[in-house]
Amino acid sequence: MKNLSAKKLRDKIAKGQIKSSDAVEDVFRRIEQIDGNIGAYISTFKEQSLHQAGEIDRKIADDQTVGDLAGLPIAVKDNMCTTFGATTCASKILENFHAPYNATVVQKLIDADAIIIGKTNMDEFAMGSSTETSGVKKTVNPWDTERVPGGSSGGSAAALAARLCCAALGSDTGGSIRQPASFCGVVGLKPTYGRVSRYGLVAFGSSLDQIGPLTYNVEDAAMLMNVIAGHDKKDSTSVTNETAPVPDYLANLQKPIDNLKIAVIPSFLTSAEATLRESINDAVDTYKNLGAEIIEIDMPHIDYAIPAYYLIATAEASSNLARYDGVHYGYRAEKPKDYIEVYSKSREQSFGKEVKRRIMLGTYALSSGYYDAYYLKALKVRNLIRDDFDNAFEKCDCILTPVSPTTAFKIGEKLDEPLTMYLSDIYTIAANLAGIPAVSIPCGFDRNNLPIGLQIQSPPFTEDKLLQIAYMFEKQNDYHEKIPPILN
Amino acid sequence: MAENIGKKQVQKVAKLSRLQLTQNEIDEFTGQLSAILKYFEKLQQLDTEDVKPLAHCLPINNVFRDDLPQQSLGTEKTLENAPQHDGDFFKVPKILDESSGA
Amino acid sequence: MNDLEYKVIIGLEIHVQLCTKTKMFCSCQVGFGEQPNSRVCPVCLGMPGSLPVMNKKAVEYAVLVGLALNCKIADFTKWDRKSYYYPDLPKNYQISQYDLPLAENGYIDVPLDDGKTKKIRITRAHLEEDAGKNIHSTGNFSQVDLNRAGTALLEIVTEPDLNNSRQAKTLAIELQKIVRYLVVSEADMQKGHMRFEPNVNLIINKDGKEYKTPIVEIKNLNSFRALERSIDYEIERQLDEFLQTGKVMQMGNKSTRGWDGEKQVTVLQREKEEANDYRYFPDPDLVPVVLKGKWLDDIKGNLCELPLKKQIRYVSKFKLSEYDAGVLTAERSTAELFEKAVQAGAKPKRLCNLITQIGLKLANEAGRCLAELGLNAQHLAQLAVMIEKGEINASAADNIMQQMIKTQKDPTTLANELNLIQKSDEDELDKIVGQSLEENAQAVEDVKSGGKKSKKALGFLIGQVMKKTKGKANPKIVSKILHKKLS
Ligand SMILES: [Mg+2]
Ligand SMILES: [Zn+2]
């Protein structure tokens, strides 16, 4: 069962060939066996999940109609609100926070009869690229437990790679779905900004955050998108059907794109590790062999993406995280001397270092005297970067790049060097700044048998086409079918 | 902007951020933020004189809600996550200054 | 000692709570006096993951006020976050508008005591969300109620064009009338629907030199009286301070003071704008507002003649006194009823008396406004005409109007039913007068003799006629007949 994709499992459950209860039990058996080592989950809901699975099985046995994800054990990142369990964002400040509502995506999963089996670990408030900043626990990479799973959706990626769920949701502010997907050898899609509702997603950088699926293969990503995409009147930044209709992502998935034009950015390749470069070049060749035309493009402002991104993301974060103050919910410090200390002590005691660092950076960028030079400047550069993409997409259907300059790195290797960590986001952040969709798919392994990811980016609201392009590549190889040694 | 961020500024930003940092943290952050900001200097190489700031990538505006009341959480649920409450109220140490800024 | 020459400079910041049913960015119902923290949801509680969605009505109401204040309405506007930490502000930022307010560069006409009006420039008007309430009264802790948090608030800022407390108060009253006319706020002072923050300083002329005193902002005043008194106090205080210390305005020495209503003094709250770094930036959770085309035209369609303009028109067109015109135009519904009744044929002055002397008295007794009494303009006009024609007298009109409210019947029917029609038939009254004269020879004598008793006797005779007609004789006609018969 662990070798089945979500789509295949769903089809079997729907046909009554596999019971959802068995699938859920299988997953929990594995969680009990190995999640002690992996650390993917912050919380799991075994009893509730088995109960729901039983209901689904009964409905299927009774020939009742069931939802599109009926009976599938799915994990969600712990920054999406659920009325069951806590929603911690892997932060001490929210360790006991119980949301009175479900995030829209969570509700959509439930309405599609998916079974949310647990909530996954992450970098605290999604601030990090390795899941090491989690204030709750450590998560390791199932491919090499000495290494990080990537981040910030590291728990979702690790859970998936270790077959501790059959699909997962993550959130992506600067690469937080794609990079852990690449580190863990799974597919990760960051949709266009506005495609998936952010309601109930604990905000990090509100103008950059998007929820998306992490899956075993491209088809599963399409299946999940069919459920989570679409307008939500509770999120003013989610687009309506009139602005951008939601296609059926599964319908044309297997149809190759004719006259496909793919762009590569030569300067991007030189900065990646050698094995990575080889894999990307192989991927380019694969597309060439499929008849695609490859062109080289220049993104003149891409070098400025890191500072622009970190200024905008931290500025927004400094404001988004102001609400965690120990007054209305969340952690409160003992014995504050006055109400100001309720704020300053509660925050000091319960935020981790990376969160504090980013709050400081963002506050500084917005503060009087520095706003123009930092925050405003960053917004202008953001516009230039979006123009770069607009210009590029006039010449091509999509852009291929690495996901990260390296494969999964050793735990602790970069933790004390924030700038180095920030710089490793170079390939992924531009998509968030420009709001475009981007997917990471497995495209090889390095010398250490660590997965390598290929990133494909396409114009706004073309996820359907993006997935078709990704699927063309996936069909040509079996990287996505490899299983980490820990499972053998 | 060229000047490096110093301890004093770090302290000021910490106060604005309501973070009661330890001396160690202030030292550490001063160094790290300096390095980060120094790298960010790079932005100043770009001439953005005629570039509009882009706060949002979305091509949309005028997203409204009708003025129709819906059920609120109610007092009990509102206070459920409160670290401290006094009857129907959230409870905080006595507020002596009047710095409401509405 | 204050015989210095000086000029008072006042600018006003006014917060007006709009009367939308729901809050600015969530669907919680706006209420007053509800159970604490009962009208709160994840959005206005600033819970993780919650997102704001604009209330369309609030934007429309704010635009309407902007138009009424002769402002330029922004065709593109957006939302900004204003950051400060305070327990009544759950997100620790307020969603407000910074560099692109919804309306700017307008003015309001304020009536002066001499009958002229003064244009006070409006700098800007913008929408924002209100904070909750901190309650400080009990024990060694404070309580926080978030019911008000997120309520739609319009902030209006004037230029420093006001020169005394009376002008400030008059502006406030005029604004209250305007927002009520536009039906965008109840503007109930008791419920805190209007809050004022005057900025006050003086330009003092001393020994041929000009000195400016430091600007003081008086925070959060919620009555017209407090507005007037606090400004007056502040003027005296600043004069004294200047004489004692010579302190003058410098960059950044603006201070904020609170009003102690019990002691009737202002109290220093904050010296200088210490580290008030609000870190405004565009709210990424909301999209811009574009105001143009049919939507803007539709909003404009809800504008109406404003109270001051109406008052001036009533004086010139209906020849009413300024006082009467002011009373009639104080509330839009009253003025509308008045105008409809005039159109239905009532003489303005007669109708005015009917409304101000009887109608508003009855409304007051009922504790509601005139329009809520359910008076029909046609009937009101008929009643005025009946008085005009002498068919009824004033006390009958009072009685009839009460019945009109109760029964919705027309005044003629009611006058007949209640037997309140005056006898104006000259032939019939001639007979009755004749009879009365016959029966009271002595009084007739007294009248004819002139002198002291004459006036009293005439009154007596009128009284006799009234008695015979059970008070229904038209006194004008009776006295005409009497005069004819006795001369
Ligand atoms: Mg304000
Ligand atoms: Zn609410």
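The values are calculated or read from the model by the stated rules, or taken from the named source; none is laboratory data. No experiment lies behind these values; they were computed from the predicted model shown. FYI the Cβ positions are ideal-geometry reconstructions off the backbone, even for glycines, and counts take in every protein chain you see. Each accessible area value is taken on the protein alone, full model and side chains, heavy atoms only, with ligands, DNA and RNA left out. Shrake-Rupley method; radii C 1.70, N 1.55, O 1.52, S 1.80 Å.
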Selection from segment C:400-431 of residues that are part of a helix (DSSP H, G or I), at pLDDT 90 or above and surrounded by 14 or more Cβ atoms within 10 Å (Cβ to Cβ)
C:I400, C:M401, C:Q402, C:Q403, C:M404, C:I405, C:P411, C:T412, C:T413, C:L414
Is there a residue being part of a strand (DSSP E or B) and modelled with pLDDT of 95 or more anywhere in segment A:264-275?
yes
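How many residues are at pLDDT 95 or above and either acidic (D, E) or away from ligand 2 (no atom under 16 Å from the Cβ) (or both) when one looks only at segment C:7-33? Give the steps one after another, and end with the answer.
Restricting attention to segment C:7-33, the residues satisfying the condition of being at pLDDT 95 or above are C:7-30.
Checking the rest, the ones that are also either acidic (D, E) or away from ligand 2 (no atom under 16 Å from the Cβ) (or both) come to C:7-16, C:19.
Selection size over segment C:7-33: 11.
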Test C:A62 against the stated conditions and say whether it is within 27 Å of C:E159 (Cα to Cα), within 14 Å of ligand 2 (Cβ to nearest atom), hydrophobic (A, V, I, L, M, F, W, C) and touching a residue at least 12 places away in the same chain (Cβ under 8 Å).
no
With the condition kept exactly as written, say whether any residue in segment C:37-59 is closer than 30 Å to B:K91 by Cβ, within 10 Å of chain B (Cβ to nearest Cβ), open to solvent by 10 Å² or more (accessible area, probe 1.4 Å) and within 15 Å of ligand 1 (Cβ to nearest atom).
no
Count - residues of segment A:87-111 that are open to solvent by 10 Å² or more (accessible area, probe 1.4 Å) and away from chain C (no Cβ under 11 Å):
7
Considering only strands (runs of 3 or more DSSP E) wholly within segment A:38-152, the ones with at least 2 residues that are within 20 Å of A:A23 (Cβ to Cβ) and in contact with a Pro (Cβ under 7 Å, 6 or more places away or on another chain) are A:115-120
Restricting segment C:61-79 to residues that are within 16 Å of ligand 1 (Cβ to nearest atom) and buried (at least 24 other Cβ atoms within 10 Å of the Cβ), the residue that is farthest from C:I120 (Cα to Cα)
C:W79
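For segment A:290-319, how many residues meet the condition of being open to solvent by 50 Å² or more (accessible area, probe 1.4 Å) and touching a residue at least 12 places away in the same chain (Cβ under 8 Å)?
Let us first name the residues in segment A:290-319 that are open to solvent by 50 Å² or more (accessible area, probe 1.4 Å), namely A:290-291, A:293, A:296, A:298, A:300, A:303.
Going one step further and asking which of them are touching a residue at least 12 places away in the same chain (Cβ under 8 Å), we end up with A:290-291, A:293, A:296, A:298, A:300.
Looking only at that region, the number is 6.
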Do we have any residue at all in segment C:280-288 that's within 32 Å of the chain's Cα centre (by Cα), modelled with pLDDT of 95 or more and within 14 Å of chain A (Cβ to nearest Cβ)?
no
Would you mind stating whether C:L100 is within 16 Å of ligand 1 (Cβ to nearest atom), of a type in the set (A, V, I, L, M) and in contact with a Ser or Thr (Cβ under 8 Å, 6 or more places away or on another chain)?
yes
Can you confirm whether C:T334 is open to solvent by less than 20 Å² (accessible area, probe 1.4 Å), closer than 30 Å to C:A62 by Cβ and touching a Cys at 6+ places or on another chain (Cβ under 8 Å)?
yes
Condition check for C:F25: part of a loop (DSSP other than H, G, I, E, B) and more than 11 Å from chain B (Cβ to nearest Cβ)
no
Cβ contacts < 7 Å: first residue within 15 Å of C:L127 (Cβ to Cβ), restricted to segment C:22-36; second residue open to solvent by 40 Å² or more (accessible area, probe 1.4 Å) and away from ligand 1 (no atom under 16 Å from the Cβ), any location; separation 6+ or different chain. Result?
C:T22/B:L68; C:T22/B:P69; C:T22/C:Q29; C:V30/C:K21
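Condition check ((1) within 16 Å of ligand 2 (Cβ to nearest atom); (2) open to solvent by 40 Å² or more (accessible area, probe 1.4 Å)) across all residues:
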| residue | (1), (2) |
| --- | --- |
| C:T151 | yes, no |
| C:E159 | no, yes |
| C:L162 | no, no |
| C:T170 | no, no |
| C:Q176 | no, no |
| C:V179 | no, no |
| C:K191 | no, yes |
| C:E217 | no, no |
| C:N222 | no, yes |
Test: residue in segment A:203-212 that is within 16 Å of the chain's Cα centre (by Cα) and either modelled with pLDDT under 95 or more than 13 Å from every other protein chain (Cβ to nearest Cβ) (or both)
yes
Sort out which residues of segment C:8-22 are outside any loop (DSSP other than H, G, I, E, B) and away from ligand 1 (no atom under 15 Å from the Cβ), and write them in order of number.
C:V8, C:I9, C:I10, C:T22
Please find, among A:Y324, A:Y343, the residue that is out of contact with any Ser or Thr (no Cβ under 6 Å at 6 or more places or on another chain) and at the interface with chain B (Cβ under 9 Å from one of its Cβ atoms).
A:Y343
Go through the residues of segment C:468-486 one by one and say whether even a single one is part of a helix (DSSP H, G or I), within 30 Å of C:Q403 (Cα to Cα) and of a type in the set (A, V, I, L, M).
yes
Take C:E271 and tell me if it is open to solvent by less than 70 Å² (accessible area, probe 1.4 Å) and more than 14 Å from chain A (Cβ to nearest Cβ).
no
Filter result for the condition that a residue is of a type in the set (S, T, Y) and touching a helix residue (DSSP H, G or I) at 6+ places or on another chain (Cβ under 8 Å), over C:S96, C:S137, C:S185:
C:S185
Only one of (1) among the polar types (S, T, N, Q); (2) more than 20 Å from the chain's Cα centre (by Cα); (3) modelled with pLDDT of 95 or more fails for B:T30. Which number is that?
(2)
Based on this model, can you work out whether C:I120 counts as away from ligand 2 (no atom under 16 Å from the Cβ), open to solvent by less than 10 Å² (accessible area, probe 1.4 Å) and over 30 Å from B:A55 (Cβ atoms)?
yes
Determine the pairs where a residue that is among the acidic types (D, E), located within segment A:116-128, has a partner that is in a helix (DSSP H, G or I) and open to solvent by less than 10 Å² (accessible area, probe 1.4 Å) with Cβ atoms under 6 Å apart, the partner being 6 or more residues away or on another chain.
A:E124/A:V355
Considering only strands (runs of 3 or more DSSP E) wholly within segment C:92-172, the ones with at least 2 residues that are over 21 Å from C:A74 (Cβ atoms) and without any contact (Cβ under 8 Å) to a residue 60 or more places away in the chain are C:117-129, C:133-135, C:141-145
